1. Output the 0 to 90 degree angle, nearest 10, between the alpha-carbon long axis of helix 102-127 and the longest principal axis computed from the alpha carbons of the chain.
2. Tell me the angle of helix 34-44 to the major Cα principal axis of the chain, expressed in degrees between 0 and 90 and rounded to the nearest ten.
3. For helix 13-28, what angle does its Cα long axis make with the longest principal axis of the chain, in degrees from 0 to 90 and rounded to 10?
4. Counting only protein heavy atoms and a 1.4 Å probe, tell me what percentage of the chain's accessible area is made up of carbon and sulfur.
5. Using alpha carbon centroids, what distance separates segment 55-86 and segment 194-214, in Å?
6. Which residue fluctuates most in the GNM of the chain (Cα springs below 10 Å): Ala284, Ala69, Ala136?
7. With a/c under 1.5 counting as rounded, go ahead and sort segment 209-275 into rounded, prolate or oblate using the C-alpha gyration tensor (a ≥ b ≥ c being the square roots of the eigenvalues; past the cut-off, prolate if a/b is larger than b/c, else oblate).
8. Give the whole-number value, in cubic angstrom per residue, of the convex hull volume spanned by the C-alpha atoms of the chain.
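The values are calculated or read from the model by the stated rules, or taken from the named source; none is laboratory data. From a predicted model like this one, the values you see are computed outputs, not experimental measurements. Cβ coordinates were reconstructed from backbone atoms using ideal geometry, including for glycine residues, and neighbour counts include every protein chain displayed. Calculation scope for accessible area: heavy atoms of the full protein, side chains included, ligands and nucleic acids excluded. Shrake-Rupley method; radii C 1.70, N 1.55, O 1.52, S 1.80 Å.
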Amino acid sequence: MSALATVRAAPGLDAYLELLEARLERSVGSHPGLVGEIGIDTLAAGGKRLRPVLVFLCTPQEDRAGERAVAGGASVELVHMATLVHDDLLDGADLRRGRPTAWAEHGDGAAKATGDYLFARAFAELASTGDARAVAVLADAVLALARGEALQRRQAFRPDTTVDEYLTRCSLKTGKLFEAACVLGGGGGGGGELGAFGLALGVAFQIADDILDCTGDFDTTGKAPGVDLRDGTPTLPLILAAREDEGIRRALAGERVDGALERVAGTGAIETARASALEYAARARAALDGEPDRASLEALTHLVVDRDG
């Protein structure tokens, strides 16, 4: 059975995702007005719902259709949506998943307000469960997101950014929300194996995403390749490639260098970065020990690395 089939075969997943989508629609549409309308458009763009799936798979099977699991899944997805809206604003991105971004259609103010609204709805969903510990877990993840974004801004156009500095950013911007999803599914406790699994999985996911920015195309990823190089964002493949090719180094520092993105593959940086993603996926698998759905969680570690978009 393929990794995707293994995840899809998890008992109750389809029913959970139906409950999740209904919950997201109710939450985002709960307050009439422009930000609610933009939020609904953002929701309609779809997505993999990977973070809610993590909540589901880390929840004991008898509780997977319950309020805590659905509210937890909705909260982490709403945080993810909020970060995408804010990222598109900061990056000046016109398209995401093949659709105009909130920033492109409605401008700075509306995009910022929509992202803030989605963050607020995320906490409202989790607060409705009455579980203060779960709210604290999500708050910690959102604080990490903000710190990671600030770190990315400081690293911009710095080709000498170290791999360790990059990995710290990945942990903050991506890994901590994956960790939160797993911990929420596991009951909102201290984390343990599920938290370590989610954190490593998130880093593997981000490295794979950064590789796709170098190698993907619009038809499969929904966005133009080379955004990171254009914005001077030092990702693992670009950091490694800049060490080998002075032209790529200059491009990452902000100079206009023709064909710089095409030269990345010639340095071997893509293969090295992929090996790092696989290493983090292996770390995630190693963290699992008697979890509620180990086969599906292990399958996710393969899916996040081997994907087209």
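1. 40
2. Its long axis makes an angle of about 80 degrees.
3. Rounded to the nearest ten degrees, it is 80.
4. That share works out to 52 percent.
5. After rounding, the separation between the Cα centres reads 18 Å.
6. Ala136
7. Cα axes put segment 209-275 in the oblate bin.
8. Enclosed volume per residue, from the Cα hull, is 120 Å³.
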